[in-house]
């Protein structure tokens, strides 16, 4: 698979290219002081029947300079879980499809 297409207007194309294929939608907002805030949202809900999945982070919100490392940590944890858990095994593929569809 080649590099995912990302809109030239995306505020953080490198993050979108890195995390979109991993099932995350990346976007930005501003806080009350006008400072930029980057969000990463996993593009699928984990099944409620999975007790191990309840502690996983599916929405990351932080400053741009902290985003990459924090996202890598949470994306890796989610990938490990959805690979190993029988209840959550089907979630990852759908998240990836939805995230990639939002990039163009």
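State all residues of the stretch 21-38 that are closer than 21 Å to residue 82 by Cα and touching a strand residue (DSSP E or B) at 6+ places or on another chain (Cβ under 7 Å); if no residue qualifies, say none. Talk me through it step by step, then tell me what you get.
We begin by selecting, within the stretch 21-38, every residue closer than 21 Å to residue 82 by Cα; these are 21-26.
Answer for the stretch 21-38, where residues must be closer than 21 Å to residue 82 by Cα and touching a strand residue (DSSP E or B) at 6+ places or on another chain (Cβ under 7 Å): 23, 24, 25, 26.
If you go through the stretch 49-63, how many residues are under 16 Å from residue 25 (Cβ atoms) and not in a loop (DSSP other than H, G, I, E, B)?
The number of residues fulfilling the criteria is 4.
Report the residue count in the stretch 64-94 for those that are part of a helix (DSSP H, G or I) and over 25 Å from residue 33 (Cα atoms). So that I can check it myself, show each step before the final result.
First, pick out the residues of the stretch 64-94 that are part of a helix (DSSP H, G or I): 64-84, 91-94.
Add one more test, that the residue is over 25 Å from residue 33 (Cα atoms), and what stays is 72-84, 91-94.
Of the residues in that region, 17 qualify.
Of the conditions (1) over 24 Å from residue 13 (Cβ atoms); (2) modelled with pLDDT under 90; (3) out of contact with any helix residue (DSSP H, G or I) (no Cβ under 6 Å at 6 or more places or on another chain), residue 80 fails just one. Which one is it?
(2)
Which numbered condition in (1) closer than 25 Å to residue 10 by Cβ; (2) surrounded by 18 or more Cβ atoms within 10 Å (Cβ to Cβ) is the only one that residue 98 fails?
(2)
Which of the residues belonging to the stretch 5-48 are part of a loop (DSSP other than H, G, I, E, B), touching a residue at least 60 places away in the same chain (Cβ under 8 Å) and surrounded by 15 or more Cβ atoms within 10 Å (Cβ to Cβ)?
6, 10, 23
The values are calculated or read from the model by the stated rules, or taken from the named source; none is laboratory data. Since the structure is predicted, the reported quantities are computational estimates derived from the model, not experimental observations. No Cβ is skipped: glycine too gets one built from the backbone with ideal geometry, and neighbour counts run over all protein chains shown.
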